[in-house]
1. Using beta carbons and a limit of 6 Å, which pairs, at least six apart or on different chains, have the first residue in region 500-513 and farther than 11 Å from His448 by Cα and of a type in the set (Val, Ile, Thr) and the second one part of a helix (DSSP H, G or I) and at pLDDT 95 or above?
2. Taking the conditions exactly as written (under 31 Å from the mean Cα position of the chain (by Cα), at pLDDT below 95 and either of a type in the set (Gly, Ala, Ser) or closer than 15 Å to Ala605 by Cβ (or both)), does Gly576 satisfy them or not?
3. Suppose we filter region 559-618 for residues that are β-branched (Val, Ile, Thr) and either in contact with an Asp or Glu (Cβ under 8 Å, 6 or more places away or on another chain) or within 19 Å of Arg536 (Cβ to Cβ) (or both); how many remain?
4. Being free of Cβ contacts under 8 Å to residues at least 40 places away in the same chain and either touching a Pro at 6+ places or on another chain (Cβ under 8 Å) or among the hydroxyl-bearing types (Ser, Thr, Tyr) (or both) narrows it down to one of Tyr147, Tyr205, Tyr165, Tyr175, so name that one.
5. Residues that are over 22 Å from Phe275 (Cα atoms), surrounded by fewer than 16 Cβ atoms within 10 Å (Cβ to Cβ) and modelled with pLDDT of 95 or more: does region 42-57 have at least one?
6. Return yes when Ala325 is small (Gly, Ala, Ser), in contact with a helix residue (DSSP H, G or I) (Cβ under 8 Å, 6 or more places away or on another chain), in contact (Cβ under 8 Å) with a residue 24 or more places away in the chain and part of a helix (DSSP H, G or I) and no when it is not.
7. Given Asp137, Asp83, Asp123, which one is of a type in the set (D, E, K, R), part of a loop (DSSP other than H, G, I, E, B) and under 30 Å from His505 (Cβ atoms)?
8. Got at least one residue in region 157-167 being hydrophobic (A, V, I, L, M, F, W, C) and in a loop (DSSP other than H, G, I, E, B)?
Amino acid sequence: MKAMQPDTLYYLDNGTLIDAYEFFGAHLIKNDAGDVLATRFRLYAPNAAHVHVIGQHNHFDETADPMEKVDPSGVFELTINKDLRRHHYKYVIHTKNGETLYKSDPFAFYSALRPETVSIVADRALYQWKHKHLKKDAPYSKPLNIYELHVGSWMVRPDGTFHTYADLVDYLIPYLLENHFTHVELMPIIEHPFDGSWGYQGTGYYSITSRYGTVDDFKYFVDMCHSNGIAVIMDWVPGHFVKDAHGLARFDGDYLFEYPDSDRRENPQWGTVNFDLGKGFPKSYLLSNALYFMKEFGVDGFRVDAVSYMIYYHSDPSRGVNEGAVQFLKDLSRHVFKEDPHALLIAEDSSAHPKVTHPVDHGGLGFNYKWNMGWMNDTLKYFEKDPVYRKYHHDLLTFSLMYAFSENYVLPFSHDEVVHGKKSLVDKMPGDYWQKFANFRALIGYLHTHPGKPLLFMGQEFAQMHEWKDYTELDWHLLAYPMHDSALAFTRAMNKLSKEEAALHERDHESEGFEWIDADDNDRSVLSFIRYSGGRKAHVIVLINLTPEVHHHAVFGVPKRGTYHELINSDYARFGGSDLYNGAPLKTVSSPAHGREQSIEVLLAPLSISILKWSPDA
């Protein structure tokens, strides 16, 4: 534990202390040989009159261990000359207005398994790292195939209990590698009291939830991901927290973390309260928290939840911009990228706030990615329509290219789209059983060929038919059925192709990397476009037929003379299709089409995507 310096509280109170966890919480005091000599507790509670530490060491005696007020601002401290590793503890806070509160430690590094609400003294120095930090380049021109994961329901033990983080190493990492995912994004794993909140309603921001094992289990998981070249993204919730009595709400009898006024504080739809991000202490608390996960666990980035609720009060632009929250986000980006210049900082933002992914120095918020919620909503709305009506809604698929390069986008088919009656991706699709899967494959192909970085929520890679159920594991038994196994084979093939084919990832954020062949083929419900790489020295063309009709001898103008080879077709029999594809190389002919001098003639299979790569004639 770091000693308090004269300026420590100054930085804490103005929101610039970025290692607050080194000053507060329960820390083991060791000698040079590593032996534990004592355990020191330090708490910031400005509205507290008296504070006691209760725990296993004193049989939860509320009078046994009073903390000393070591600074008039409200810093309390207690050193117990014992090794209290793994001991349970809490704070009893007697407030200035006469309340007695029983609180978990906001800086606890570990917590007891729910329904228990006590904190646990943890030894942060036990784990021996092999690959704490993943070597990586700037992400923009690199492939990012993101797999969004809920740890508790990806796979469970035969008795129905949760696997640990360490268990997942043996199951999840081989699965990610086999299916060519490059990143795993974990839904929130901070401590939270209610399983059904999925971690979005937290109490212990520095505690990796004990549902899935220990702190060292999680470090081992990150270590092994990095050993296999997989980056780890944490879903992080700095906007709001749950109101449970043992948590952060009214922590010391006053509104230490949240807004003092109920209008800005309360989130009735979630039953949570909002962090006051214009106030120094919660800002220091959260900035330190992000850096804690980067420094302590080597995580590679964050998906920041509900950014629109932070930018605008209750996500309502008519109420004006929340300047405190905006400044917090800018400061967050500065500190994250100072710690790791190639980290991922991804905004889950449904607003139209400008320059979310522009650098702070250029007037932006400083994120390097943003979820493209507009693309996701328009795409799913289109695919849910019966193909006979799709020609009247063609603009749902073409409109996104009007703004696709205004920000750096992740294209998310996330957990939010497969819950609460929205149906799974494959079940959203119209038509009979075969057509549902054909539409699904076309959707996955479109996800990988549209400019942006693809994200897929677990279970959708094999076309799980039911919505996601957070209380049981994925429907792995479906892989015994040919259509689901074939769906996974297609997802795997698209992930692999998007990793290996530069045209599908190199210029995701540059308008020069994309060109329509025909954006207006609504009568046939056909999309045709070009993806470029290498300064337009190389390219692929993407052809998507979104009706059940087969188009023989379809002609498309192409940019260069040469030969086109079909890299993949979703209608291959091994993917569950009807096996209509372009097997032979396609030579260009000098016959103008779509404003181009050269063209090719292709077969468009029903409800399919075909990707063809150009090569020059010898």
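The values are calculated or read from the model by the stated rules, or taken from the named source; none is laboratory data. Remember, predicted model here, so these are calculated numbers, not experimental data. When we count neighbours, we look across all protein chains shown, and the Cβ atoms used for this are built from the backbone with ideal geometry, even at glycine.
1. The qualifying pairs do not exist here.
2. In short, no.
3. Of all residues in region 559-618, those β-branched (Val, Ile, Thr) come to 563, 568, 588-589, 600, 602, 609, 611.
Now drop any that are not either in contact with an Asp or Glu (Cβ under 8 Å, 6 or more places away or on another chain) or within 19 Å of Arg536 (Cβ to Cβ) (or both), which leaves 563, 588-589, 600, 611.
Qualifying residue count, region 559-618: 5.
4. Working: Tyr147 fails: free of Cβ contacts under 8 Å to residues at least 40 places away in the same chain; Tyr205 fails: free of Cβ contacts under 8 Å to residues at least 40 places away in the same chain; Tyr165 fails: free of Cβ contacts under 8 Å to residues at least 40 places away in the same chain.
Of the residues listed, the single one that is free of Cβ contacts under 8 Å to residues at least 40 places away in the same chain and either touching a Pro at 6+ places or on another chain (Cβ under 8 Å) or among the hydroxyl-bearing types (Ser, Thr, Tyr) (or both) is Tyr175.
5. Scanning region 42-57, I find at least one residue that is over 22 Å from Phe275 (Cα atoms), surrounded by fewer than 16 Cβ atoms within 10 Å (Cβ to Cβ) and modelled with pLDDT of 95 or more, so the answer is yes.
6. Working: small (Gly, Ala, Ser): yes; in contact with a helix residue (DSSP H, G or I) (Cβ under 8 Å, 6 or more places away or on another chain): yes; in contact (Cβ under 8 Å) with a residue 24 or more places away in the chain: yes; part of a helix (DSSP H, G or I): yes.
Here the answer is yes, as Ala325 does meet what is asked.
7. Values: Asp83 fails: under 30 Å from His505 (Cβ atoms); Asp123 fails: under 30 Å from His505 (Cβ atoms).
Sole residue among the options that is of a type in the set (D, E, K, R), part of a loop (DSSP other than H, G, I, E, B) and under 30 Å from His505 (Cβ atoms): Asp137.
8. Narrowing region 157-167 to residues hydrophobic (A, V, I, L, M, F, W, C): 162, 166.
Right, trim to in a loop (DSSP other than H, G, I, E, B) and you get none.
For region 157-167, residues hydrophobic (A, V, I, L, M, F, W, C) and in a loop (DSSP other than H, G, I, E, B): absent.
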